[in-house]
Amino acid sequence: MTEHPDDIAETARTVAAAALAIDGVHSLYGGQFGEIATYVPGECISGVLIGPEHGELHIVGDLERNLRDVAEDARVAAERLAGLPFVVTVADVYVGSAGMEER
C-alpha cells in the first residue's frame, strides 16, 4: 500500500519541526547536493527522508549538548510521530559559543 504524497509531506514536515524543537539540534542537513530530503509536488523537506519501511533524519548538532543524547531524542520523536523506525545521522556540528575561547 502506497501513502499519498500529502501524507508523506505532512509526516516529513512534522518530523522536521519536532527535530528542530529539540535542544541540541541546530538545524537539519540536506546533504551536499540536496539529496537528503523528502520531495513531494511543489515542496522539498530538507534533512528528512521518508521511505515505505523506515525514515532518516540528518541533523546538525550543537556541541553545547551531548550529541548521542541529541540523536536519541530526535530518533524517539521521529519514530513516535511517523510510526516508522528512524535512523538519525549527526551530519555536522555547530560550535557556536562552545568553541569561542578568550585569547
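Coordinate-derived values only; no laboratory data. What you see is a predicted model, and the numbers here were worked out from it, not measured in a lab. Every residue, glycine among them, receives a Cβ derived from its backbone with ideal geometry; neighbour counts consider all protein chains shown.
Quick one: what pairs do we get from the range 43-68, first residue free of Cβ contacts under 8 Å to residues at least 60 places away in the same chain, second part of a strand (DSSP E or B) and of a type in the set (Phe, Trp, Tyr), C-beta under 6 Å, 6+ apart or different chains?
Cβ pairs passing all conditions: Gly55/Phe86; Leu57/Phe86; Val60/Tyr94; Asp62/Tyr94.
Name every residue in the range 13-41 that is closer than 17 Å to Leu63 by Cβ, of a type in the set (Gly, Ala, Ser) and in contact (Cβ under 8 Å) with a residue 60 or more places away in the chain, in order of residue number.
If the condition is that a residue be closer than 17 Å to Leu63 by Cβ, of a type in the set (Gly, Ala, Ser) and in contact (Cβ under 8 Å) with a residue 60 or more places away in the chain, then Ser27 is the only one that fits.
Hey, Leu84 hits all of (1) crowded, with 21+ Cβ neighbours inside 10 Å; (2) part of a loop (DSSP other than H, G, I, E, B) but one; which does it fall short on?
(1)
Within the range 45-95, which residues are more than 13 Å from the chain's Cα centre (by Cα) and among the small types (Gly, Ala, Ser)?
Gly51, Gly83
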